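Participant: First, the structure itself, so that you have it in front of you.
Derivation of every value follows stated rules applied to the coordinates shown; laboratory data play no part. Only a predicted model underlies this, so the values are computations on that prediction, with no experimental measurement involved. Cβ placement follows ideal geometry from the backbone for every residue including glycine, while neighbour counts extend to all protein chains displayed.
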Amino acid sequence: MTVTVAATPGGGGQKVQRRILSGLIYTLLIISIIYPMLMILYESIAESSEGFITHAHSVLTDADVGLAIVNTLKISCLATAIAGSLGVSLAWLVARTDMPFARIFDPLNMLPFYLSSVVGALSWQVIASPKIGLLNKWLEPLFGASPLVNIYSITGIGFVLGLFYAPYIYLFTLESLRSMDASLEEAARMAGSSILNTAFKVTLPLSAPAILSSFMLVFVTCAGIFGVPQVLGTPGHITTVSTIIYRAMNDYPTDYPTAALLSLLLFIFTAMLIVLQVKFLKNKSFATITGKGYRPRPLKLGKWRWFGFGVNLLYVLLIGLPFAALCAVSLQDAWTGSFEWGRSTLENYRAVLFIEDAARRGFSNSLIISSLGATIAVGVCFLLALIVQKTRLPGRRMISFISSLPVAIPGIVLGLGFLVGFISTPLYATIWIIMFAYIVHYLPTGLSNMEALVLSVSRELDESGRMSGASWWQAMSKILLPLLAPGMISTWILLFVTFIREVSASVMLYTLGTETLSIALIRIMEYKPYGISAAFGVLQTLLLMGAVVLLRFAANGSADRKGRL
Amino acid sequence: MSERQQTSANAVEVRNLTKAFGSVTVINSVSFNVKKGKTVTLLGPSGCGKTTTLRCIAGLEEPTSGVIHIGDRLVFDGQAQFELEPEKRNVGMVFQSYAIWPHMTVGENVRFPLDIKKLPQKERRDKVAEILKSVGLGDYVNRPASQLSGGQQQRVALARALVFEPSVVLFDEPLSNLDANLRDHMRHELQELQERIGFTAIYVTHDQREALSLSDEVIVMNGGRIDQVGPPEEIFSYPRSVFTARFLGCSNIFMGTASSVSGNGVVSVCVAPDTHFSGKHHGDQPATGAELAIAIRSNKIRLSAQDDFSDPNLQRFPAVVESRVFFGTYIEYGLCVGSLKLKADCEVGVHYDLGQSIFAAMSQSDCLVVKA
Ligand SMILES: Nc1ncnc2c1ncn2[C@@H]1O[C@H](COP(=O)(O)OP(=O)(O)OP(=O)(O)O)[C@@H](O)[C@H]1O
Ligand SMILES: [Mg+2]
């Protein structure tokens, strides 16, 4: 174990080994993060035939590109607004009020976090597509206008993204509200402020830094997302920056320089916002948020509590009902706009599981990539977190910084970087390059989770191991590892689920035979009857839910065995 | 190295230990020795660097410079860039939070150091049973460690630190998380255990009672430096500085200048234009005109309504009663002596009214002359 040596500084030999170790880590980080990004820069500058300036000018003044940029901004704003208003109000209702059934709503509100937004887009087609959408079918006779709602629009894309990214903001807000000292609110009430006034004047401003930074994260994610805009934008010819990058790569002949240039733009935009967010958070003091353990008494909403209930129920239904409709569609041999028992069939499922090669490959590829990838990612992040937090390795802060960079790289950009960076290596056209890209893309998520976990355990616990004669590695593996196991399982689930539904990076890296689940779904939606896509979407969702439920049990079980921490 | 040879009876030797976090120096050239089998206490206010000193000895913190020996072994030398890993120093440590591993039983916690050493199974079992018995947890071997009370956790931590017979045991405020009664109880147990097993200990605390009752030697620390070193009685009776005097409970401290110095250690200190205290000094003889301070414990001041003290050698001052606070076993009077404020403890039953003019008196030997 080279790591053992890294633990404690000592004589000359150890110094050399520590240098070797940090050199090794830097090399790996540079190859997997810096190099692909530099390759994009290289492609966009050096590879265009007419020279960089001319090419950049022609791309940037292209009307299609301009439209795509505007569309991207519109979609991101709308999605952030919807996700923000839903996330914040639901979190406030659950954490701070006496809304009925808040305990049941809490996990339900997090549900979309574990589902694929592509499946969400698929199921919203059943409800709101212009021709076959149920809403249009039912409401057109009443209103006469046609079509009444159209999911194949900027509004439709923003709406679906908003629904599926609301849990991110919900989670941030909920944590911030729960860690806030309730007496601050109670003081406002004592001063004569009403419930809503207190919420807007005290509660929300105090948790504003956390909430705003989650807004920023959702905005940035939606600006770079590929799956939903591709699925819902194609029928209505709505393009975003990510979909035109994809098109530049898939049209014949492949236009690398344009794709690279647009990727660079997207990356710079995202990175700027992330830098802004970090700056913004740094200047905010969280002094009001104390770690007091007592649960504040919920605010009494009075007659409004059923209104709150209605709002939360509406959110759950907006997620659940389209999915129910999708299930119904998947069980019919042809969809006529209503469920008919006579048309019931499992044929669609049979087709997905036994006939469609792409679908079957998608399942097996994704299962391998996601389970192996999550395992490797958890292991790598654990080691990196230990090196950053538990050693005095020179340059360990820099390791942490470089590892956090991929947060600012949209998936499709990272995918392109990996493609141009590794196209001439044996990695290309294998599932391993996809797995590699996933691990790199979610390194920041995994590492920040792991660092938080490591920091949550008092350092005296492993130091007392050292004092008992254990070496650094023994203290880490015999004391820290068992203590962190439940948290590591949670991180594993999070990464597994994220990998299963990943679209943006995969779409750049898949080839015939290495399709992932989500890629196979998008491909099948393009050329197969809707029933088959529906069945496929249902199966993917069941897989995700099954994984989450199973592993939650595993994590709970091991946490119980280990005793209270 | 030559100065070390005659001191091989030392279990720990710290020379010019300095530790800086970034640009902040939190320990500044600290040196001390701990003799084998003795208990030395680092006493000082919060933030003075006690824990950091202890962690440097343990090897959990890398000192900026200095030399540390444990027994005959060099464990740290700043100049030679030598540092021995903590696990190789054969030092036991009881942490302030006890650091009991919640995922193991009591027995597994205590056995851990022996598991690491890979002792024969039977020896491990016997040693664990023996040490648990001596800390009074004989029946707790199979208890999950997460279900222990504070006092029990403290005992487990102690057992774990002692079970592998380290050459030194380090204690970082081990009693500070316990309630007052349990603290007294555990202090006694600790004392007994040390008498029985005879380990060398370095003990960190900010509680003077603990320091005085537990140790053979007390090191008073202030702002990363050693202020005074000595046996408990000496530290308590003859503080040398204002800091140590105040930290060890002298509530009346007056700055002044030496107006006369006599050969027998008596110094007269002028603390206000017309107020002089004469007191005893210990240590180097001060020069006339030197900046000094007078420290007087509040329970050494005698009060009387008339100037009728039996001892003619007392220094006496007219005083006016300003405040009166009841503390159960005594009453604390706040007095005005000229422009000075004085605190005096008085037995319950003697009563003076606020505003009453009385007399305060104290003997020469109770006025301690300390460095300003
Ligand atoms: N890891 C660290 N980084 C920066 N400063 C530190 C670190 N650890 C300790 N310090 C600083 O060093 C000083 C001494 O700390 P130390 O913990 O040794 O004090 P202490 O005497 O044990 O105090 P207490 O009685 O409160 O435990 C403090 O001012 C503290 O802020
Ligand atoms: Mg301390």
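Participant: Let me have the 222 nm mean residue ellipticity of chain A computed from DSSP H runs of 4+ only, each contributing -39500 (n - 2.57), with the sum over all residues rounded to the nearest 500.
Facilitator: -23500 deg cm²/dmol
Participant: By counting other Cβ atoms within 10 Å of each Cβ, how are A:Ile245, A:Ile387, A:Ile31 ranked from fewest to most?
Facilitator: A:Ile31, A:Ile387, A:Ile245
Participant: First select every other residue whose beta carbon is under 12 angstrom from the beta carbon of B:Leu60; then total the charges, Lys and Arg +1, Asp and Glu -1.
Facilitator: Net of charged neighbours comes to -2.
Participant: Continuing with the same structure: For every other residue with a beta carbon closer than 10 angstrom to the beta carbon of B:Glu332, add +1 if it is Lys or Arg and -1 if Asp or Glu, then tell me the sum.
Facilitator: +1
Participant: B:Arg73 versus B:Ser149, label points 7 Å from Cα toward the beta carbon: distance in nm?
Facilitator: Taking the simple label geometry, B:Arg73 and B:Ser149 are separated by 3.8 nm.
Participant: Once a ≥ b ≥ c are taken as the square roots of the eigenvalues of the Cα gyration tensor of the protein assembly as shown, is the result rounded (a/c under 1.5), prolate (a/b larger than b/c) or oblate (a/b not larger than b/c)?
Facilitator: Since a/c reaches 1.5 and a/b is larger than b/c, the shape of the protein assembly as shown is classed as prolate.
Participant: In sequence order, what are the phi-derived ³J(HN,Hα) couplings for segment B:40-56 according to the Karplus relation 6.51 cos²θ - 1.76 cosθ + 1.60 with θ = phi - 60°, rounded to whole Hz, with x for glycine and proline?
Facilitator: Each residue of segment B:40-56 in turn: 10, 10, 9, 10, x, x, 4, x, 7, x, 5, 4, 4, 4, 4, 5, 5 Hz.
Participant: Give, in nm to one decimal, the length gained when the segment between A:Tyr42 and A:Ser477 is fully stretched (0.36 nm per residue of separation minus the Cα-Cα distance).
Facilitator: Gain on stretching A:Tyr42 to A:Ser477: 152.3 nm.
Participant: Could I ask something else about it? Report the calculated FRET efficiency for B:Asn313 and B:Ser213 (r = Cβ-Cβ distance, R0 = 35 Å), to the nearest 0.05.
Facilitator: E between B:Asn313 and B:Ser213, to the nearest 0.05, is 0.60.
Participant: Under 19 Å from a point 7 Å along the Cα-to-Cβ line of A:Tyr26: which residues of segment A:392-418 have their amide N that close?
Facilitator: In segment A:392-418, the label zone of A:Tyr26 (backbone N under 19 Å from the point 7 Å along Cα→Cβ) covers A:392-406.
Participant: Oh, and also: Using alpha-carbon pairs under 8 Å, 6+ residues apart, how would you state the relative contact order of chain A in percent?
Facilitator: Over chain A, the number comes to 21 percent.
Participant: Once you've got the GNM for chain B with C-alpha springs shorter than 10 Å, pick whichever of B:Pro239, B:Pro120, B:Pro318 has the biggest mean-square fluctuation.
Facilitator: Result for chain B, Cα springs under 10 Å: B:Pro120 fluctuates most.
Participant: Computed FRET efficiency, Cβ-Cβ of B:Asn299 and A:Leu281, R0 51 Å: what is it to the nearest 0.05?
Facilitator: Once the sixth-power term is evaluated, E becomes 0.40.
Participant: Here's a follow-up. Going by how many other beta carbons lie within 10 Å of each one, how would you line up B:His69, B:His282, A:His441, A:His237, fewest first?
Facilitator: Ordered by Cβ neighbours within 10 Å, fewest first: A:His237, B:His282, B:His69, A:His441.
Participant: Can you sort B:Arg73, A:Arg305, A:Arg360 from fewest to most other Cβ atoms within 10 Å of each residue's own Cβ?
Facilitator: Ordered by Cβ neighbours within 10 Å, fewest first: B:Arg73, A:Arg360, A:Arg305.
Participant: If you take every DSSP beta bridge whose two residues both sit in the protein assembly as shown, what share of them, in percent to the nearest 5, is antiparallel?
Facilitator: 75
Participant: With a point put 7 Å past each Cα toward its Cβ, work out how far B:Thr275 is from B:Val325 in nm, to one decimal.
Facilitator: 1.9
Participant: Whole Å is fine, so just give me how far the alpha carbon centre of segment B:55-89 lies from that of segment A:225-243.
Facilitator: If you average the Cα positions of each part, the centres end up 63 Å apart.
Participant: Enter the mean number of other protein chain beta carbons within 10 Å of the beta carbon of each residue in B:111-118, as an integer.
Facilitator: Other-chain Cβ atoms within 10 Å of each residue's Cβ, averaged: 4.
Participant: Under a crude label model (7 Å from the Cα following the beta-carbon direction), how far is B:Glu234 from B:Gln191 in nanometres?
Facilitator: The two pseudo-label positions are separated by 2.1 nm.
Participant: Then there's this: For a quick protection proxy, order the peptides B:152-158, B:336-342 by their average other-Cβ count within 10 Å, most packed first.
Facilitator: Highest mean packing first, the order is B:152-158, B:336-342.
Participant: Further question on the same structure: For a label point 7 Å from the Cα of A:Ser49 along Cα→C-beta, name the residues of segment A:225-256 whose backbone N is under 18 Å from it.
Facilitator: Under 18 Å, as judged by backbone N against the label point of A:Ser49, lie A:248-256 of segment A:225-256.
Participant: Find which of A:Thr541, A:Leu174, A:Ser471 sits farthest along the positive direction of the dipole of chain A, computed with +1 on the beta-carbon of Lys and Arg, -1 on that of Asp and Glu, about the Cα centre.
Facilitator: Ranked along the dipole, the leading option is A:Ser471.
Participant: Using r as the Cβ-Cβ distance of A:Met545 and B:Gln81, and R0 as 56 Å, what FRET efficiency do you calculate, to the nearest 0.05?
Facilitator: With R0 = 56 Å, the Cβ-Cβ based efficiency is 0.50.
Participant: Let me ask something additional. Distance between the C-alpha centers of segment A:409-477 and segment A:249-270? Whole Å please.
Facilitator: Answer, in whole Å: 28.
Participant: Still on this structure: Return the single residue from B:Asp179, B:Asp216, B:Asp284 with maximal mean-square fluctuation; model: Gaussian network over chain B, springs between Cα atoms under 10 Å.
Facilitator: The residue with the greatest mean-square fluctuation here is B:Asp284.
Participant: On a C-alpha basis, how far is the centre of segment A:326-368 from the centre of segment B:206-243 in Å? Whole number, if you could?
Facilitator: Segment A:326-368 and segment B:206-243 have Cα centres spaced 81 Å from each other.
Participant: Picking from B:Leu17, B:Leu119, B:Leu137, which is most flexible by a Gaussian network model of chain B using Cα springs under 10 Å?
Facilitator: B:Leu119
Participant: Report the extension gain between A:Leu372 and A:Ala187 in nm, rounded to one decimal, defined as 0.36 nm multiplied by the number of residues separating them, less their alpha carbon distance.
Facilitator: Contour length minus Cα-Cα distance gives 61.5 nm.
Participant: Other chains near A:473-486: what is the mean number of their Cβ atoms within 10 Å of each residue's Cβ?
Facilitator: Average neighbour count from other chains, rounded to a whole number: 2.
Participant: Mind checking the mean number of beta-carbon atoms from other chains within 10 Å of the Cβ atoms in B:87-100?
Facilitator: 5
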